[in-house]
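Visitor: Have a look at this one.
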Amino acid sequence: MMRVWRRRTREYVKACLLSAALIEIRTLAYLPHTAQHPAGHLEQIRLIADACHNLPTAGRVRRNGFDPFVYLWQTANAYQRAWLIRHLDQAGVDYRYLAESAPWPPPPTPPALRPTLRRGGWQFPRNPAGFKALDTPTLRSLEQEALVLEEPTDKNHEWRLSHLHPDAKHILRPSRPDETLFRPNGPADLVQYRATVTMIDGAIIVDHFRLRKSSIAALPANLTRLRRYQLASTPRRRRERDTYLWGRDHRASEEACPACQ
């Protein structure tokens, strides 16, 4: 594989692509009949803008190895890839580095359930009392209770619940202020919980549920004090496998899954 682009090359490519995108979007907005995409000028504008979404931060590779240029190349559809190639060729840039880079993100890992003594493998215990273990029927009941209060969304809650292991214990805790909040808290006392759940194939992954705080508080403390402190001392891993990644792999490998029908 070719070496990572130098900073000067990255800034040059970023400037060329952003300049080309602005010119094309302006032209398409004024002269929509010049669109080359079969779905029309609005779809072409959307695809170009989407391709440029991460370019302002593409001046360097991030500490975790994320390269916005590589990510753009690997996630581009056929139209976006052709657009990139056309403008990189016009700019005289050798893009073999993009084409030969390893897939991003790297393979995900299961979430950690116990602290370790290695560097970064433990943290000062955070809110041990917030951890609860729920069986699948209880989690299903709490989810259905919460959905009554929710605004309708296009998220398939039933698909997720139907793929949980029927005999497993799932561990939940309230989401922390430094974690992504996917929707604001409420209405009523709905709050977001981070969960490590066991799927039908035995895989342990990360998921997030919006449940009633009062209902979770009413559950018994069904984890020992030692276990709660172990969980509270365990930091998150960088590339944890989540529901989306598990579902993508599951659909590809289990095409005849009854729960997916």
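The values are calculated or read from the model by the stated rules, or taken from the named source; none is laboratory data. A quick note: this is a predicted structure, and the numbers were derived from the prediction, not measured. Methodologically, a virtual Cβ is constructed for each residue, glycine included, from the backbone with ideal geometry; neighbour enumeration extends over all protein chains shown. Ligands, DNA and RNA are excluded from the accessible area calculation, which covers all protein heavy atoms including side chains. Shrake-Rupley method; radii C 1.70, N 1.55, O 1.52, S 1.80 Å.
Visitor: In whole angstrom, note down how far apart the Cα centers of region 38-95 and region 134-148 are.
Guide: Region 38-95 and region 134-148 have Cα centres spaced 41 Å from each other.
Visitor: Keeping all protein chains in the complex and leaving out DNA, RNA and ligands, what accessible area do you get for V93 with a 1.4 Å probe, in Å² to the nearest 10?
Guide: Its heavy atoms expose roughly 20 Å² to the probe.
Visitor: Normalised radius of gyration for the chain, please: alpha carbon Rg relative to 2.2 N^0.38 Å, two decimal places.
Guide: Taking the Cα Rg and dividing by 2.2 N^0.38 Å, one obtains 1.26.
Visitor: What list of ³J(HN,Hα) values in whole Hz, one per residue of region 104-120 in order, does the Karplus curve 6.51 cos²θ - 1.76 cosθ + 1.60 (θ = phi - 60°) give from phi, with Gly and Pro shown as x?
Guide: 10, x, x, x, x, 10, x, x, 6, 10, 9, x, 10, 8, 6, 4, x
Visitor: What dipole magnitude, in Debye to the nearest 20, does the chain give about its Cα centre under +1 on Lys/Arg Cβ and -1 on Asp/Glu Cβ? Before the final figure, lay out each step's value.
Guide: On the way: 40 positive and 26 negative charges, 325 e Å.
Roughly 1560 debye for the chain.
Visitor: Moving to a separate point now. Determine the order of V70, V61, V148 by accessible area, beginning with the largest, at a probe radius of 1.4 Å.
Guide: Ranked list, largest accessible area first: V148, V61, V70.
Visitor: With every protein chain present, what accessible area does R140 have (1.4 Å probe, heavy atoms only), rounded to the nearest 10 Å²?
Guide: 70 Å²
Visitor: In the chain, which longest range has no chymotrypsin sites (Phe, Trp or Tyr not before Pro) that are both DSSP loop (not H, G, I, E or B) and surrounded by at most 16 other Cβ atoms within 10 Å?
Guide: Between exposed loop sites, the widest span is 183-261.
Visitor: Would you please name the GluC sites (Glu not before Pro) within region 207-261 that are DSSP coil residues with at most 13 other C-beta atoms within 10 Å of their C-beta?
Guide: Sparse-neighbourhood loop GluC sites (Glu not before Pro): E255.
Visitor: Enumerate the whole-percent occupancy of each 5 Å bin, from 0 to the last occupied one, for all C-alpha pair distances of region 129-173.
Guide: 5, 20, 27, 24, 16, 7, 1
Visitor: Which trypsin sites (Lys or Arg not before Pro) from region 51-90 combine a DSSP loop assignment with at most 14 other Cβ atoms within 10 Å?
Guide: Answer in residue order: R60, R62, R63.
Visitor: Using helices alone, I'd like the mean residue ellipticity at 222 nm for the chain: each DSSP H run of four-plus residues gives -39500 (n - 2.57), total over residue count, nearest 500.
Guide: Taken over the chain, the calculation gives -12000 deg cm²/dmol.
Visitor: To continue, here is another question. From the C-alpha coordinates alone, can you work out the Kirkwood hydrodynamic radius of region 128-207, in Å? It would help to have the intermediate numbers written out before the result.
Guide: Details: mean 1/r = 0.0741 Å⁻¹.
One over the average 1/r among Cα pairs gives 13.5 Å for region 128-207.
Visitor: Among all cysteines in the chain, which have no other cysteine Cβ under 4.7 Å from their own Cβ?
Guide: C16, C52
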